[in-house]
Ligand code: SF4
């Protein structure tokens, strides 16, 4: 059932206020942990000596020290053109971690991910499922802005990944949502079209943390007809978080805290 508040936020998103059973219930068909584990996909990222060095360096860092380490990072060429690093924002105890690809111009200026019109849309989308921006944690794969907002290069994502991995290990979210093609393809190590990736449960590497994908808010601004699907993804996210909470599933994150 959609509440009055949610109706208001759905309207702000440009979505007519009706909700299909099939869009939500048909997605969640996995009923047992055994089936869940067989349904998910393990993802192994590319590796390099530089990445291993960063990984070793950050493996035991706490939240604050990790933030400082990222702020001073010069591991890839993006440090030369950034205004500042963008660590991420939100609740360090969040159930939901949202991951995008990289900071844009506004994010680089403000030091915060998902600001501007895309950020406002994301806030409205979260509100539609009863969450505030402060309830979740929002981060990017890359902590520095690629010039002219070009796609991240493989060597950049590879070097920056240990920071994200450490964030995940410290956050221990109940669910990760990758938003946008770049983040989804990188985190799932695939090139499957977004339309086919949506609506399924994967896992973040070998951590057991569930991962789903959805459209990037910036894409939704250009393609408002897809907002309904993004809303369906958020309903899936909400249901999966409830499922994980109720089942008391143990998250077996690889990295130690
Ligand atoms: S993008 Fe990541 S690896 Fe590259 S300089 Fe910024 S923080 Fe370091």
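The values are calculated or read from the model by the stated rules, or taken from the named source; none is laboratory data. Being a predicted model, the structure only gives us computed values, none of them experimental. We place every Cβ from the backbone using ideal geometry, glycine too, and count neighbours over all the protein chains shown.
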*Matching residues, region 84-96, being within 11 Å of the ligand (Cβ to nearest atom) and surrounded by fewer than 17 Cβ atoms within 10 Å (Cβ to Cβ)*: 84
_Please return the ranges of helices (runs of 4 or more DSSP H) entirely within region 108-219 where 1 or more residues are touching a residue at least 24 places away in the same chain (Cβ under 8 Å) and within 16 Å of the ligand (Cβ to nearest atom)._
154-171, 181-188
*Restricting attention to region 36-63, report how many residues are at pLDDT 80 or above and assigned to a loop (DSSP other than H, G, I, E, B).*
4
_Exactly one condition in (1) touching a helix residue (DSSP H, G or I) at 6+ places or on another chain (Cβ under 7 Å); (2) in a helix (DSSP H, G or I); (3) away from the ligand (no atom under 12 Å from the Cβ) is false for residue 99; which is it?_
(2)
*Looking at (1) exposed (fewer than 14 other Cβ atoms within 10 Å of the Cβ); (2) modelled with pLDDT of 75 or more; (3) more than 16 Å from the ligand (Cβ to nearest atom), can you tell me which one residue 29 breaks?*
(2)
*Across region 53-83, what is the total count of residues that are closer than 16 Å to residue 166 by Cβ and either within 23 Å of the chain's Cα centre (by Cα) or within 12 Å of the ligand (Cβ to nearest atom) (or both)?*
21
_Unmet criterion (only one of (1) buried (at least 18 other Cβ atoms within 10 Å of the Cβ); (2) within 19 Å of residue 52 (Cα to Cα)) for residue 189_ = (1)
*Of all residues in region 202-212 being crowded, with 21+ Cβ neighbours inside 10 Å and farther than 20 Å from residue 158 by Cα, the one that is nearest to the chain's Cα centre (by Cα)*: 212
